[in-house]
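The values are calculated or read from the model by the stated rules, or taken from the named source; none is laboratory data. Because the structure is predicted, anything quoted here is derived from the model rather than measured. All Cβ positions, even for glycine, are placed from backbone atoms using ideal geometry, and neighbour counts span all protein chains on display. Each accessible area value is taken on the protein alone, full model and side chains, heavy atoms only, with ligands, DNA and RNA left out. Shrake-Rupley method; radii C 1.70, N 1.55, O 1.52, S 1.80 Å.
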Amino acid sequence: MTEQVIEVAGLRRRYGPSGDAGFEAVRGLDFSVLRGEVFALLGTNGAGKTSTLEVLEGLAPPTGGRVRVLGHDPFRERAAVRPRIGIMLQEGGFPSDLTAVETARMWAGCTSGARPVPEALDLVGLGERANVRVKQLSGGERRRLDLALALLGRPEVLFLDEPTTGLDAEARHRTWQLVRELRDQGTTVVLTTHYLEEAESLADRLAIMREGRIVLSGTPAEVTASRPSRIRFTLPDGMTADSLPPSLHVSADGPRVEVRTEQLKEDLTDLLLWARAEAVPLTGLDARSASLEEAFLDIAREDADAERRVTEVSTR
């Protein structure tokens, strides 16, 4: 499907007054999300992900720009949007003395067309913990209860803010499978996460934010292709990187060598042919394309370098 269920144009969100006394957390975002798509917003802490999500969820108005969810302004037309979306916040506040099933029943009573509570709890693997009080649930189990409540209304659009924080590996992968199943059934999912493996595994498209702006977006493959591949190996004792083929862009720390390249196959072939011709062993040879984690860390590093330059200028 190509129907745009979320449209964002020039979104801005500011906290406090204008000028230095306030803070602009979101600084002109443009993106759209298609029906049945998983879209991930990534970024370091303070990049503006949650501030953006809160506007999409209708929890706060934008300071500027235009936002449409399912064709409506999610803040001004909340009555038209809210029954059709599910929201999982970073932290949920539950009455600690209620059981998981009592909490879900209370929430279902406020939800139009709610699915059966046992079904919602089973979806997130809490069926056998239904009669346990919330205060006795682990942190990961409380996150799964958050997700169960978000799914009660069979949402067309599901917002997940750090959905697997606190989950163990098994529960995290089970949640990933559930998200895939929801997407396959036509649910649109917008998520934020600090787990880059999660974004790479789940997202059809993603956007990386920095200081309130989108600095890189596309499919996970497109984003990783924007960064160079790398080849790493160790040279024998007494041999330096100066001996390597001049076509390679090399950085070296003693015998340990790294080659960063936009043409992995060609440069790796040159290296291996040279090593065979010169009878040079390449210990620990490792060649791979860039990962989403490397792309993300490059952007974070650029952010840190820019901040350091500003600090150096201000202290002169």
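A few comments on the model shown:
- Listed residues Gly92, Gly125, Gly22, most fluctuating in the chain (Gaussian network, C-alpha, under 10 Å): Gly22
- Per residue, the chain exposes 51 Å² of solvent-accessible protein surface, assessed with a 1.4 angstrom probe and all protein chains in place.
- Counted residue by residue at 0.36 nm each, then reduced by the alpha carbon distance between them, the extension gain from Ser247 to Gln90 reaches 51.7 nm.
- Across the chain, the mean sequence separation of Cα contacts (distance under 8 Å, 6 or more residues apart), normalised by length, yields a relative contact order of 18 percent.
- Gaussian network model of the chain, springs between alpha carbon atoms under 10 Å - residue of Ser229, Ser243, Ser51 with greatest fluctuation: Ser243
- Each part gets one Cα centre, and for region 220-264 versus region 124-163 those centres are 46 Å apart.
- Computed E for Arg35/Arg105 - FRET, C-beta separation, R0 35 angstrom, nearest 0.05: 0.70
- Other residues whose C-beta falls under 10 angstrom from the C-beta of Arg288 contribute a net charge of 0, scoring Lys and Arg +1 and Asp and Glu -1.
- Bridge type composition, the chain - antiparallel percent by DSSP, nearest 5: 65
- Among Glu266, Glu278, Glu200: highest mean-square fluctuation, GNM of the chain, C-alpha pairs under 10 Å: Glu278
- Cα long-axis angle, helix 264-278 against the chain (0 to 90 degrees, to the nearest 10): 30
- Scaled to the globular estimate 2.2 N^0.38 Å, the Cα spread of the chain, given as radius of gyration, is 1.23.
- Against the rule of thumb 2.2 N^0.38 Å, how large the Cα Rg of region 186-244 comes out: 1.76
- Based on Cα contacts under 8 Å between residues 6+ apart, region 1-156 shows a relative contact order of 21 percent.
- With eigenvalues of the C-alpha gyration tensor scaled by 5 and rooted, region 167-316, Å: 36, 24, 14
- Shown for the chain: the carbon plus sulfur share of the solvent-accessible area, taken with all protein chains present and a 1.4 angstrom probe, equals 48%.
- Here the Kirkwood formula puts the hydrodynamic radius of region 1-88 at 13.6 Å, using every distinct Cα pair.
- Working ranking of peptides 93-100, 140-147 by packing, defined as the average number of other Cβ atoms within 10 Å per residue, highest first, is 140-147, 93-100.
- For the pair Asp286 and Ala225, label points projected 7 Å from Cα toward Cβ lie 2.5 nm apart.
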